[in-house]
Amino acid sequence: MEKATHALVIGGTGMLQHVCHSLVNDYSYVSVVGRSTIRHQQLKYANPSPDKINSIIVDYHDSSLFREKLQSAFLAYGAPDLVISWIHGTAPQALHTLFNEIQKLAIETKWKLFHVQSSSRYFAKENTPVPDNCQYRRVYLGFILNGRSSRWLTDPEISGGVLHAIKSDQQQTIVGTIDPWDQRPR
Ligand SMILES: NC(=O)c1ccc[n+]([C@@H]2O[C@H](COP(=O)([O-])OP(=O)(O)OC[C@H]3O[C@@H](n4cnc5c(N)ncnc54)[C@H](OP(=O)(O)O)[C@@H]3O)[C@@H](O)[C@H]2O)c1
C-alpha cells in the first residue's frame, strides 16, 4: 500500500482556495488553517472529495492552540510533506511553532515549504532559518503592470502563481512583477 501523503496550507480558505482544491488531487490529505468555520465549510464542500480536506480552525496568533491543533493533525495524517504558508506579518512566531511540531515527528524526512510573502517583503531580503530537512521556497506576490497602469493580483492569479511555483520548484518565484516598484498600485 502506498504511503499516505499530507499537504498543509496555512491561510488556505482565502486567496489560496484553488491551491487547496488542486492539492487534493495529488495528496491523500490536505489540512487547511484558517479561523472562520464558514470559510472552512465553503472550501470543503466546494470540493468533490470533502473527506480529504482537514479543517484546522484556529487563530495562528494563539501559539499554544496552534501547536495543539497541528499536533492533532500530524497525529492523524502524519507530518506534512508539503506546506504552503500565507501567514500575516503579525504572527512571526507561527512558522517556528510549525517547524517545532514537524521536527518532533520528521527530523530526517525531507519536506518542502512554499513561503508566500507580499511584495513589500521582497526588499527586506530576509533570511528565513529553516530546519535542515526543510526545502525552502519563497514566493513573492507582486502586481500586474498594464502599460502605465497597474493593479494588484486577483485571487485566481495568486493561486495560479503559487501552483506554478510548486510545479516549477524554483528557489524563488515572483507572481506578477515587482519591477518597477514605483509603478505599483497605490
Ligand atoms: N500582491 C498582491 O496582489 C496581493 C497580496 C496579498 C493579498 N492580496 C489580495 O488581498 C486580499 C486579502 O488578503 P488576505 O491576506 O486577507 O488574504 P486571504 O487569503 O483572503 O485571507 C487570509 C487567509 O488566512 C487566514 N487567516 C487570516 N488571519 C488568520 C489568523 N490570524 N489565523 C489563522 N488564519 C488566518 C484567512 O482565514 P480567516 O480569515 O478565516 O482566518 C484566510 O484563509 C486577497 O483576496 C488577495 O487577492 C493581493
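The values are calculated or read from the model by the stated rules, or taken from the named source; none is laboratory data. Just so you know, these numbers come straight off a predicted model, no measurement behind them. Cβ: placed from backbone, ideal geometry, glycine included. Neighbour counts: every protein chain shown. The protein model used for the area step is the full one, side chains on, heavy atoms only, and it has no ligands, DNA or RNA in it. Shrake-Rupley method; radii C 1.70, N 1.55, O 1.52, S 1.80 Å.
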Enumeration of residues in the stretch 143-186 that are more than 23 Å from the chain's Cα centre (by Cα) and on the phi > 0 side of the Ramachandran plot | Gly147
Unmet criterion (only one of (1) in contact with a strand residue (DSSP E or B) (Cβ under 8 Å, 6 or more places away or on another chain); (2) within 16 Å of the ligand (Cβ to nearest atom)) for Thr128 | (2)
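For the stretch 54-70, which positions are within 13 Å of the ligand (Cβ to nearest atom) and under 17 Å from Leu23 (Cβ atoms)? It would help to see each step written out before you state the result.
The initial filter retains those residues of the stretch 54-70 that are within 13 Å of the ligand (Cβ to nearest atom), namely 55-63, 65-66, 69-70.
Ser55, Ile56 - these are the residues of the stretch 54-70 that are within 13 Å of the ligand (Cβ to nearest atom) and under 17 Å from Leu23 (Cβ atoms).
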Within the stretch 27-50, can one find any residue that is in contact with a Lys or Arg (Cβ under 6 Å, 6 or more places away or on another chain), farther than 19 Å from Leu75 by Cα and open to solvent by less than 40 Å² (accessible area, probe 1.4 Å)?
-> yes
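Given Ile144, Ile87, which one is over 23 Å from Gly34 (Cβ atoms) and within 12 Å of the ligand (Cβ to nearest atom)? Working first, answer last.
Numbers: Ile87 fails: over 23 Å from Gly34 (Cβ atoms).
That would be Ile144, the only listed residue that is over 23 Å from Gly34 (Cβ atoms) and within 12 Å of the ligand (Cβ to nearest atom).
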Might you check whether a residue that is modelled with pLDDT of 95 or more, surrounded by 12 or more Cβ atoms within 10 Å (Cβ to Cβ) and near the ligand (Cβ under 10 Å from one of its atoms) occurs anywhere in the stretch 100-109?
-> no
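Restricting to the stretch 25-41, what's the tally of residues that are assigned to a helix (DSSP H, G or I) and more than 10 Å from the ligand (Cβ to nearest atom)? Spell out how you get there, then give the answer.
Initial filter on the stretch 25-41 (assigned to a helix (DSSP H, G or I)): 25-26, 37-41.
Filter once more, keeping what is more than 10 Å from the ligand (Cβ to nearest atom): 25-26, 41.
Of the residues in that region, 3 qualify.
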Tell me which residues, restricted to the stretch 1-26, are open to solvent by less than 50 Å² (accessible area, probe 1.4 Å) and of a type in the set (S, T, N, Q).
-> Thr5, Thr13, Ser22
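Yes or no, residue by residue, for (1) more than 21 Å from Gln71 (Cβ to Cβ); (2) open to solvent by 70 Å² or more (accessible area, probe 1.4 Å); (3) part of a strand (DSSP E or B):
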position	(1), (2), (3)
Ala91	no, no, no
Tyr122	yes, no, no
Glu126	yes, no, no
Gly160	yes, no, no
Lys167	yes, yes, no
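Here is a check on your reading of the model: is Leu113 open to solvent by less than 30 Å² (accessible area, probe 1.4 Å) and either within 18 Å of the chain's Cα centre (by Cα) or more than 14 Å from the ligand (Cβ to nearest atom) (or both)? Write out each step before concluding.
On the way: open to solvent by less than 30 Å² (accessible area, probe 1.4 Å): yes; either within 18 Å of the chain's Cα centre (by Cα) or more than 14 Å from the ligand (Cβ to nearest atom) (or both): yes.
Yes; evaluated as a whole, the condition is true for this residue.
Can you tell me which residue within the stretch 149-170, out of those that are farther than 16 Å from Ser119 by Cα and touching a residue at least 24 places away in the same chain (Cβ under 8 Å), is farthest from the ligand (Cβ to nearest atom)?
First, pick out the residues of the stretch 149-170 that are farther than 16 Å from Ser119 by Cα: 149, 156, 160, 163-164, 166-170.
Now restrict to residues that are touching a residue at least 24 places away in the same chain (Cβ under 8 Å): 156, 160, 163, 166, 169-170.
Working: Pro156: 9, Gly160: 12, Leu163: 15, Ile166: 17, Asp169: 21, Gln170: 18 Å.
The selected residue is Asp169.
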Pairs where the first residue, in the stretch 5-24, is modelled with pLDDT under 95 and near the ligand (Cβ under 9 Å from one of its atoms) and the second is hydrophobic (A, V, I, L, M, F, W, C) and not in a loop (DSSP other than H, G, I, E, B), C-beta under 6 Å, 6+ apart = none
Give the residue, chosen from His61, His88, that is under 15 Å from the mean Cα position of the chain (by Cα) and either touching a residue at least 60 places away in the same chain (Cβ under 8 Å) or under 21 Å from Thr128 (Cα atoms) (or both).
-> His88
